[in-house]
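Here is the structure we will look at, set down as structure tokens.
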Amino acid sequence: MVQRVILPLEADSDSVPLYVDAGATFLDSRRDAAGAGEGGALAGQAGRAEAVQSSDFRGRFSTMVRPSARVSFATYFNAFPASYWRRWTTVRSVRLEVSVSGAGVLAVYRSNAKGAQQRVESVAFDGALTQAFDLPLAPFGDGGWYWFDVVGGAEGALLESAHWAVPDPGGKRGRASLAITTFNRPDYCLRTIEAVWAADTVRDLLDELLVIDQGTQLVADEEGFADVAARMGEQLRVVRQGNIGGSGGFSRGMYEVVRAGRSDYVVLLDDDIVLEPESLTRLVAFADFARRPTLVGGHMFDMYNRTVLHTFGEVVDPWRFQPRPAQEDMELGHDFARSNLRTTGWLHRRADVDYNGWWMTLIPTEVIREIGLSLPLFIKWDDSEYSLRASKAGYPTVSLPGAAVWHISWVDKDDLVGWQAYFHERNRVIAALLHSLYDRGGRVIRESAYMDVKHLISMQYYSEQGRLTALRDVLAGPDRLHELLGARLGEIRALTAQFSDAQLKPDVDAFPAPRRHKPRHKGHGPHQPARIALAPWAAKTVLRQTLRPVAEEARERPQALIAHQDARWWRLAQYDSAVVSNAEGTAAAWYRRDPRQVRTMLAEGIELHRRLLTEWPRLRQRYQDAAPRLASFEAWEETFRRHAV
């Protein structure tokens, strides 16, 4: 058995549409796949998952089906991702086994890569029935799912249980250890530990749950920890160390699991998640049947909007060296409550990825033994770099549908601004030096220079200072990366005292009130320059930013209050000062134009990018030569020793 049909742990959960759907829905077969992608859902009668009555659920595996109602399991967590098993495993058929009672019809469906659905088989029942369907995987070369519906008869029906199983030639099942990296989120972390303990099937395959605690608010001090620790016994271990970022925490988890020598897999988990425990058994089952050792990751849903999927799969664009969706027609932030699996064509095409985020990713221990641990990058790009490195060694990454966590959304974050700008810039360039297919990184250097200009004309001098520091560190070479793990974050954050755009206050009334003036542009406000006019607009704006003195009144009070969603670079460039709210909506900072700062930073940025362009071939060789040493167990052992607590 590789996938049980499950219902939400909380019957009244907003996540119900991910488990159960209702009504008859279909894709309009007259429209092609391109039409499917443009609007997300194709024409059809969209079944609304809120029509499912959670009061009908009879525990984790069983649900009532009301008279004449149709309950569909063509859902994220319960449909079978046939094309992924077809492509990445040795499995060539799957068996669906369903137990029902009452009266009604049990119908099995499949889809193709375009999302067109076909009825495969159906069985009428009147009384208790356990029915098995043996289903081939041959037709799923490019995409497609299997699922089943239950239609209630005159008196209704009961789905008692269902599961998907694959032929097992007798190979042993793999065992896994979990590694959670946490920093001052003891409440979230404890909930994940408790979810693992409560899931029998997870405990059965678990060697050890490791918590790498890098914080000062310790999970071991959280109320309730002692109780679950006593119950889990030797299956739970906490390792404390200083804060050396996600890469340091996850590397410690990998290190401990490989050194223990018991587990076939380590599953990396973020600390700020809500876990669907069944996901863990699915990751392990998929990895057990994979053709070759494979990194298997789960998807990420929005913790505060439970049916919204962050992305169905991502690749690293080889020219820009930036993450992008694996397929052009994929939609970021897809909401299954608005457009379910049956009516969303692009969800049926298999998404082949370059990497999976380390909110939940399984890595075979034999891969770790061969290619090493994470690079010492602190945060950002450590997960994608690792998968790119694994791919070069012949180990693919799969983002497996039906395995997922809920994670704090990126919607309320803007980590390109603030202290994280340093890590975005430095680690993207390092990853490009290691893995770019182009002689000088494609568009990396050009886009980096563009970002410098955007930050400067937006009065985001703190973020720009971090980016300049990042480029200096890249040019200095790879040898200090381990040394910087515990130091650079504190140094970057200490710079906030020098930049007003980094000094956040929770109340805008803490700043002087803006003084209204006659609006420019006849009151319509600034607008984004057209692409054809961008170059002259940028030149004019940079000249204004560097040469025109700041209005005296703008030094004393802001000219405007600007909401975060309106704080676009082309709008901020029109002001001498403004109070701008942060992405979370919890605070605001006073942005003030400083021509001297712009001139100094612009000149340094030009010089650093010139050096990066000139020195790229030499730097690439240095980083590629150093990478195996930086990711080695020996290098990380020394880092763990220095940051022991």
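Can ASP187 be described as modelled with pLDDT of 95 or more, surrounded by fewer than 20 Cβ atoms within 10 Å (Cβ to Cβ) and either among the hydroxyl-bearing types (Ser, Thr, Tyr) or in a strand (DSSP E or B) (or both)?
no
Among the residues of segment 190-248, which ones are part of a loop (DSSP other than H, G, I, E, B), surrounded by fewer than 16 Cβ atoms within 10 Å (Cβ to Cβ) and acidic (Asp, Glu)?
GLU223
Quick one: which of ALA588, ALA567 is under 23 Å from TYR450 (Cβ atoms), surrounded by 13 or more Cβ atoms within 10 Å (Cβ to Cβ) and at pLDDT 90 or above? Walk me through it before giving the result.
Numbers: ALA588 fails: under 23 Å from TYR450 (Cβ atoms).
Only one candidate qualifies: ALA567.
List pairs: first in segment 216-232 and within 14 Å of ALA198 (Cα to Cα), second of a type in the set (Gly, Ala, Ser), Cβ under 8 Å, 6+ apart or cross-chain?
If the second residue must be of a type in the set (Gly, Ala, Ser), the pairs left are ALA229/ALA220.
Conditions (1) at positive phi; (2) in a loop (DSSP other than H, G, I, E, B); (3) surrounded by fewer than 18 Cβ atoms within 10 Å (Cβ to Cβ), marked per residue:
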{"site": "GLY59", "(1), (2), (3)": "yes, yes, yes"}
{"site": "THR75", "(1), (2), (3)": "no, yes, no"}
{"site": "TRP85", "(1), (2), (3)": "no, no, no"}
{"site": "VAL91", "(1), (2), (3)": "no, yes, no"}
{"site": "ARG95", "(1), (2), (3)": "no, no, yes"}
{"site": "GLY102", "(1), (2), (3)": "yes, no, no"}
{"site": "LEU106", "(1), (2), (3)": "no, no, no"}
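Quick test for you: out of ARG320, ARG338, ARG342, pick the one residue that is surrounded by fewer than 21 Cβ atoms within 10 Å (Cβ to Cβ), out of contact with any Lys or Arg (no Cβ under 8 Å at 6 or more places or on another chain) and outside any strand (DSSP E or B).
Details: ARG320 fails: out of contact with any Lys or Arg (no Cβ under 8 Å at 6 or more places or on another chain); ARG342 fails: surrounded by fewer than 21 Cβ atoms within 10 Å (Cβ to Cβ).
Step by step, each of ARG320, ARG338, ARG342 is checked, and only ARG338 is surrounded by fewer than 21 Cβ atoms within 10 Å (Cβ to Cβ), out of contact with any Lys or Arg (no Cβ under 8 Å at 6 or more places or on another chain) and outside any strand (DSSP E or B).
Of everything in segment 406-435, what is assigned to a loop (DSSP other than H, G, I, E, B) and either touching an Asp or Glu at 6+ places or on another chain (Cβ under 8 Å) or surrounded by fewer than 22 Cβ atoms within 10 Å (Cβ to Cβ) (or both)? Give them in sequence order. Steps first, answer last, please.
Start the filter on segment 406-435 by keeping residues that are assigned to a loop (DSSP other than H, G, I, E, B), which leaves 408-419.
Matches in segment 406-435: ILE408, SER409, TRP410, VAL411, ASP412, LYS413, ASP414, ASP415, LEU416, TRP419.
Restricting to segment 164-184, count the residues that are in a loop (DSSP other than H, G, I, E, B) and either without any contact (Cβ under 8 Å) to a residue 40 or more places away in the chain or of a type in the set (Val, Ile, Thr) (or both).
Residues that pass the stated criteria total 6.
Yes or no, residue by residue, for (1) within 28 Å of GLY585 (Cβ to Cβ); (2) under 14 Å from the mean Cα position of the chain (by Cα); (3) of a type in the set (D, E, K, R); (4) modelled with pLDDT under 95:
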{"site": "ASP302", "(1), (2), (3), (4)": "yes, yes, yes, no"}
{"site": "GLU328", "(1), (2), (3), (4)": "no, no, yes, yes"}
{"site": "HIS334", "(1), (2), (3), (4)": "yes, yes, no, no"}
{"site": "LEU341", "(1), (2), (3), (4)": "no, no, no, no"}
{"site": "HIS348", "(1), (2), (3), (4)": "no, no, no, no"}
{"site": "ASP352", "(1), (2), (3), (4)": "no, no, yes, no"}
{"site": "GLU370", "(1), (2), (3), (4)": "no, no, yes, no"}
{"site": "ALA390", "(1), (2), (3), (4)": "no, no, no, no"}
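So which pairs qualify, if the first residue must be in segment 361-385 and on the phi > 0 side of the Ramachandran plot, the second must be part of a helix (DSSP H, G or I) and among the basic types (Lys, Arg), the Cβ gap must be under 7 Å, and the two must be at least 6 apart or on different chains?
Partner pairs satisfying both residue conditions: TRP381/ARG428.
All but one of (1) within 30 Å of GLN498 (Cβ to Cβ); (2) surrounded by 13 or more Cβ atoms within 10 Å (Cβ to Cβ); (3) without any contact (Cβ under 8 Å) to a residue 60 or more places away in the chain hold for THR639; state the number of the condition that does not hold.
(3)
Quick check: anything in segment 572-594 assigned by TED's automatic domain parsing to the domain that holds ALA431, touching a strand residue (DSSP E or B) at 6+ places or on another chain (Cβ under 9 Å) and part of a helix (DSSP H, G or I)?
yes
Read through the list (1) modelled with pLDDT under 95; (2) within 27 Å of ARG428 (Cβ to Cβ); (3) part of a helix (DSSP H, G or I), then give the number of the only condition that LEU543 fails.
For LEU543, the failing item is (2).
Here is a check on your reading of the model: is THR90 touching a Phe, Trp or Tyr at 6+ places or on another chain (Cβ under 8 Å), under 30 Å from GLY249 (Cβ atoms) and touching a residue at least 12 places away in the same chain (Cβ under 8 Å)? Spell out how you get there, then give the answer.
Numbers: touching a Phe, Trp or Tyr at 6+ places or on another chain (Cβ under 8 Å): yes; under 30 Å from GLY249 (Cβ atoms): no; touching a residue at least 12 places away in the same chain (Cβ under 8 Å): yes.
It is false that THR90 is touching a Phe, Trp or Tyr at 6+ places or on another chain (Cβ under 8 Å), under 30 Å from GLY249 (Cβ atoms) and touching a residue at least 12 places away in the same chain (Cβ under 8 Å).
Which one is farthest from PRO167 (Cα to Cα), of the residues in segment 93-145 that are without any contact (Cβ under 8 Å) to a residue 40 or more places away in the chain and either in contact with a Phe, Trp or Tyr (Cβ under 7 Å, 6 or more places away or on another chain) or among the acidic types (Asp, Glu) (or both)?
Restricting to residues being without any contact (Cβ under 8 Å) to a residue 40 or more places away in the chain and either in contact with a Phe, Trp or Tyr (Cβ under 7 Å, 6 or more places away or on another chain) or among the acidic types (Asp, Glu) (or both), the top hit is ASP126.
For segment 479-509, give me each residue that is closer than 20 Å to ASP594 by Cα and not in a helix (DSSP H, G or I).
Of everything in segment 479-509, those that are closer than 20 Å to ASP594 by Cα and not in a helix (DSSP H, G or I) turn out to be PHE499, GLN503, LEU504.
The values are calculated or read from the model by the stated rules, or taken from the named source; none is laboratory data. For clarity, every value in this text was computed on a predicted model and none was experimentally measured. We place every Cβ from the backbone using ideal geometry, glycine too, and count neighbours over all the protein chains shown.
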